[in-house]
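Here is the structure we will look at, set down as structure tokens.
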Amino acid sequence: MVATWLIIVIIAVIVLFVVYIYNSLIKLRVRVKNAWAQIDVQLKRRYDLIPNLVSAVKGYMKHEKGVLEEVTKARTSLMSGSTKEKAKASNQITDALKSIFAVAENYPNLKANENFMQLQEELSGTESKIAYARQFYNDSVMAFNEGIQVFPKNFFAKIFGFHQEDFFGAEEKEKKNVKVEF
Amino acid sequence: MGIYEEIAWNKRKSYLLIFLFMVFVILIGFIVGFFYGSTYFGIGLALIIGIIYFLISYYGGASAILTMTKAKEATKPKYTHLINTVEGLAIAAGLSKPPKVYVIEDTALNAFATGRDPEHSAITVTTGLLDKLDRLELEGVIAHEMSHIKNFDIRVMMLAAVMVGMTVLLSDFLLRSFLWGRRGRSRDSGQLSIIFILVGIALAILAPLVGEAIKLAISRKREYLADASGALLTRYPKGLADALKKIKEDPDPLVDHANKATAHLFISTPFRKSKKSFMKNLFSTHPPINDRIKKLEGM
């Protein structure tokens, strides 16, 4: 009789243990998904702000068509694609925006314009938020990837089908360009 | 120590301090109860008073403080950058909702956070701070305040304040019970009773002081923790270090409407600076600024 009870208790403990591991992995993954959604929110905000910027700037910067086109093109490729593709598009927009604001330095009338200054502040704030959202996303991904690789969680992770997530990182192209020549 | 180690270490110490506190309170409840004839009664009374006290300060606390300091809600377009900074750091901290933003009109450089949990929180900043700090330094300060919210420091401090309040109340009870010579159905010999009385009196006098010192120790630990967590949010400890340097140089740290009750919430003591001494340190709500700067620069 004692033997049967013992077996039941052992099975119960094992079940609880597995449930605990499963739940902790789920929590980590949910945090990753939420963090990604937050990046999306900020990317969308930037997406929405850009047309305002382009129209505010167009009147003043009549001869800078190239820079404006760059930003509009990068914007359209932003809203679809995988994590890696979105990261690439986002970095392209950051660069294009930097160009616009750098060029705007040559137009004092534009710089003094209230509307432009507000937009500049909002876009700058949004760029910061994108950076922070990326940071939090990468932190969450790190916690999750670590969670499914440590022992003994790695067994259960394989069984339940948890796979490592991608980091939202620097462009592949940027990484390749670092060559040291002597 | 690295940032992560700092955070883990501080969290452990805080919990230990709170635990010691609770032991203290129960001990006093026990002794009071002993003299009124029932230790269970003593402990029960202590807990009931504590809970009522706690509920009142917990739910009423934040709005009372904001009113006392005459803080006004910050709006765009005047405070666009400040609001964006707070929202950005809330995202970095993984908060579901950014704290509300308030501003105090005062030339002193200071800031504080209120709110029992991230859903009901607020960060307040003086106009002096906004004028004197650059963007990186402001981010450092906001990240520090955001960390207080994220680490539930405000709730911890409220808890600690309640403990101290209860300790004072109960010590009062204890002293009164000796003065009026009321004892329970005691079967003790005369000598034992005298020993108990002496111990009781010593406890009654020391308890509030020790309680206050423990609360301030918790407060100081939490400040270090907020510094470390804030650095983790910005990945740039120098921002806050530079801000603290500027705050240190502030000739007039006095925030007009601050008082002893709200002092521990500010990022830097809102009272006039005085020379460093052991006793001053023991009863100060904040660690010495130079130590904080040193720790940040060493991260």
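The values are calculated or read from the model by the stated rules, or taken from the named source; none is laboratory data. All figures in this text were calculated on a predicted structure; none of them were measured in a lab. Neighbour counts are summed over all protein chains in view; Cβ atoms, including those assigned to glycine, are modelled from backbone coordinates with ideal geometry.
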Filtering the range B:59-92 down to residues that are of a type outside the set (A, V, I, L, M), in a loop (DSSP other than H, G, I, E, B) and surrounded by 17 or more Cβ atoms within 10 Å (Cβ to Cβ) yields B:Thr69, B:Tyr79
Scanning the range A:42-65 for residues that are of a type in the set (Lys, Arg) and in a helix (DSSP H, G or I) gives A:Lys44, A:Arg45, A:Arg46, A:Lys58, A:Lys65
Among residues of the range A:8-46 being without any contact (Cβ under 8 Å) to a residue 12 or more places away in the chain and aromatic (Phe, Trp, Tyr), the residue surrounded by the most Cβ atoms within 10 Å (Cβ to Cβ) is A:Phe17
Here the residues within the range A:125-157 that are among the small types (Gly, Ala, Ser) and within 12 Å of chain B (Cβ to nearest Cβ) are A:Gly125, A:Ser128, A:Ala131, A:Ala133, A:Ser140, A:Ala143
- Residue check: is B:Val103 modelled with pLDDT of 90 or more and touching a Phe, Trp or Tyr at 6+ places or on another chain (Cβ under 7 Å)? yes
(Q) Taking the conditions exactly as written (among the β-branched types (Val, Ile, Thr), modelled with pLDDT under 70 and either within 30 Å of B:Gly60 (Cα to Cα) or part of a helix (DSSP H, G or I) (or both)), does B:Val162 satisfy them or not? (A) yes
Restricting attention to the range A:96-121, the residues that are surrounded by 13 or more Cβ atoms within 10 Å (Cβ to Cβ) and acidic (Asp, Glu) number exactly 1
Within the range A:144-160, restricting to residues that are assigned to a loop (DSSP other than H, G, I, E, B) and under 23 Å from the mean Cα position of the chain (by Cα), the one that is farthest from A:Arg29 (Cα to Cα) is A:Gln149
Checked A:Ile93, A:Ile50 against criteria (touching a residue at least 24 places away in the same chain (Cβ under 8 Å) and over 14 Å from the mean Cα position of the chain (by Cα)); the one match is A:Ile50
If we keep only residues of the range A:47-68 that are in contact with a Leu (Cβ under 9 Å, 6 or more places away or on another chain) and among the β-branched types (Val, Ile, Thr), then the residue surrounded by the fewest Cβ atoms within 10 Å (Cβ to Cβ) is A:Val54
Those residues of the range A:135-147 which are crowded, with 20+ Cβ neighbours inside 10 Å and over 14 Å from B:Leu89 (Cβ atoms) amount to A:Tyr137, A:Ser140, A:Val141, A:Phe144
**Q.** Condition met for B:Leu95 (crowded, with 18+ Cβ neighbours inside 10 Å, within 14 Å of another protein chain (Cβ to nearest Cβ), touching a His at 6+ places or on another chain (Cβ under 9 Å) and aliphatic (A, V, I, L, M))
**A.** no
>> I'd like to check something: does the range B:96-105 contain any residue that is part of a helix (DSSP H, G or I) and without any contact (Cβ under 8 Å) to a residue 60 or more places away in the chain?
In response: no
For the range A:103-124 the number of residues that are touching a helix residue (DSSP H, G or I) at 6+ places or on another chain (Cβ under 9 Å) and either polar (S, T, N, Q) or away from every other protein chain (no Cβ under 14 Å) (or both) is 11
Considering the range A:69-95, residues that are aliphatic (A, V, I, L, M) and in a helix (DSSP H, G or I), and then whichever is surrounded by the most Cβ atoms within 10 Å (Cβ to Cβ), we arrive at A:Ile93
Condition (residue is within 16 Å of A:Gln42 (Cα to Cα) and without any contact (Cβ under 8 Å) to a residue 12 or more places away in the chain) applied to the range A:110-123: is it met by at least one residue?
yes
